[in-house]
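What follows is a short report on a single structure.
The values are calculated or read from the model by the stated rules, or taken from the named source; none is laboratory data. Since the model is a prediction, treat every value here as computed from it, not as a measurement. FYI the Cβ positions are ideal-geometry reconstructions off the backbone, even for glycines, and counts take in every protein chain you see.
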Amino acid sequence: MTGTGWAVIGPQRVQTAPPLRPTVPVTPASAASARREPAPSHRGRAGGGRARTVTGVAAALVTAVLAVVVAGQVEDGTDTKAQASTADADGRSAPQKASRSDSRPTPDGGVKAPVSFEQKMALRYPLDAKAKASGDFQTVGGHDQAPGKGEVLRYRVDVEKGLPLDGALFAEAVHKTLNDDRSWGHGGRRTFERVSSGHADFAITLASPGTTAAWCAKSGLDTTEDNVSCDSAATDRVMINAYRWAQGSPTFGDQMLAYRQMLINHEVGHRLGHDHETCPKAGALAPVMMQQTKFLATDGVTCRPNPWPFPA
Ligand SMILES: [Zn+2]
């Protein structure tokens with residue numbers, strides 16, 4: 001049942017706890033001391049204060065260099081675990097996030113570049129296969145216009161309260177994916193508008209495995225076998241299983257952005273009336289309506305992973 005799920009998360013859970021401790025606090029601390037070092041009082045002194053000013057500047061430079069080194073380890077992409085934990089910590093600790101962004105426009109410049117959407121989407125995030133959350137939902141605020149032509153479908157993004165995942169990132173991913181020309185609006189047939197109040201045609205919902213199962217069961221669907229997602233058609237919710245969103249699937253592979261695009265397109269595809277499909281030909285791109293979380297082969301014919309209904 002959950003054997004494969006544990007095999008995936010097992011090794012990572014071991015890595016997440018202790019090794020992360022050093023990297024996370026070190027960056028803000030050294031950045032903060034770099035800010036504090038050239039205190040205004042040094043500059044205010046005349047004559048005799050000069051020697052102290054020089055050593056002060058030197059100390060600031062050393063600290064700044066250290067900050068660059070530390071930031072470099074986190075930002076260059078070599079240490080994926082550290083990045084994942086940083087993003088995860090961002091979601092939980094608003095004050096820490098604020099102080100870290102304050103430290104970005106330092107005089108030496110370029111110490112810490114903002115992490116891009118693509119970078120965040122390329123990472124796996126720690127989440128247990130049996131993670132539980134509150135069962136209550138919070139709507140992601142704001143509004144994203146429908147950028148395309150054709151029928152306008154309005155959707156809302158809800159995230160289960162208590163999930164240690166970035167709801168705004170999820171909403172951004174949904175909007176970008178659905179409005180990509182390779183998605184269901186292909187050729188201007190429809191376009192998707194994100195709303196946070198008023199009427200929505202459906203609600204794309206990021207929820208823990210247990211809450212996903214509960215909502216899918218309302219439509220007679222069992223998501224517990226492989227810990228998957230569903231379109232709960234008897235309700236207004238398209239359920240995205242947070243475990244898959246965070247961890248992906250060994251079958252699909254390591255392309256986490258593509259995997260998440262596939263999840264969104266597949267489940268919204270159900271909402272638009274599409275049923276499951278099989279692999280048409282060895283080596284072909286999998287139809288987006290194949291169950292690519294579970295397998296890439298049907299009847300002995302193996303396809304390649306594919307997130308799009310209309311791949312370029
Ligand atoms: Zn399906």
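What to note about this one:
- Subset of region 135-168 that is farther than 29 Å from Asn227 by Cβ and aliphatic (A, V, I, L, M) - its residue that is surrounded by the fewest Cβ atoms within 10 Å (Cβ to Cβ): Val152
- A single member of Pro287, Pro309 is on the phi < 0 side of the Ramachandran plot and not assigned by TED's automatic domain parsing to the domain that holds Gly162, and it is Pro309.
- Test: residue in region 174-186 that is buried (at least 18 other Cβ atoms within 10 Å of the Cβ), on the phi > 0 side of the Ramachandran plot and touching a residue at least 12 places away in the same chain (Cβ under 8 Å): no
- Qualifying residue in region 104-119 (condition: at pLDDT below 95, out of contact with any helix residue (DSSP H, G or I) (no Cβ under 8 Å at 6 or more places or on another chain) and charged (D, E, K, R)): yes
- Test: Thr191 is away from the ligand (no atom under 15 Å from the Cβ), polar (S, T, N, Q), buried (at least 18 other Cβ atoms within 10 Å of the Cβ) and not in a loop (DSSP other than H, G, I, E, B): yes
- Whenever a residue of region 203-231 is touching a residue at least 40 places away in the same chain (Cβ under 8 Å), its partners that are of a type in the set (Ser, Thr, Tyr) and part of a loop (DSSP other than H, G, I, E, B), lying with C-beta atoms within less than 6 angstrom and at least six residues away or across chains, give the pairs Val228/Thr293; Cys230/Thr223.
- Single unsatisfied condition, Lys132 versus (1) surrounded by fewer than 18 Cβ atoms within 10 Å (Cβ to Cβ); (2) in the same structural domain as Ala242 (by TED's automatic domain parsing): (2)
- Among the residues making up region 138-171, those that are of a type in the set (Lys, Arg) and not in a loop (DSSP other than H, G, I, E, B) are Arg154, Arg156.
- Strands (runs of 3 or more DSSP E) contained in region 196-307 and holding at least 1 residues more than 22 Å from the chain's Cα centre (by Cα) and within 15 Å of the ligand (Cβ to nearest atom): 230-232
- The conditions of being part of a strand (DSSP E or B), under 19 Å from Asn241 (Cβ atoms) and either assigned by TED's automatic domain parsing to the domain that holds Asp226 or of a type in the set (Ser, Thr, Tyr) (or both) are not met by Val174.
- Given (1) basic (Lys, Arg); (2) in contact with a Phe, Trp or Tyr (Cβ under 7 Å, 6 or more places away or on another chain); (3) closer than 22 Å to Ala234 by Cβ, number of the condition Arg190 does not satisfy: (3)
- Selected residue (only one of Val288, Val268 is in contact (Cβ under 8 Å) with a residue 60 or more places away in the chain, buried (at least 23 other Cβ atoms within 10 Å of the Cβ) and under 18 Å from His175 (Cβ atoms)): Val268
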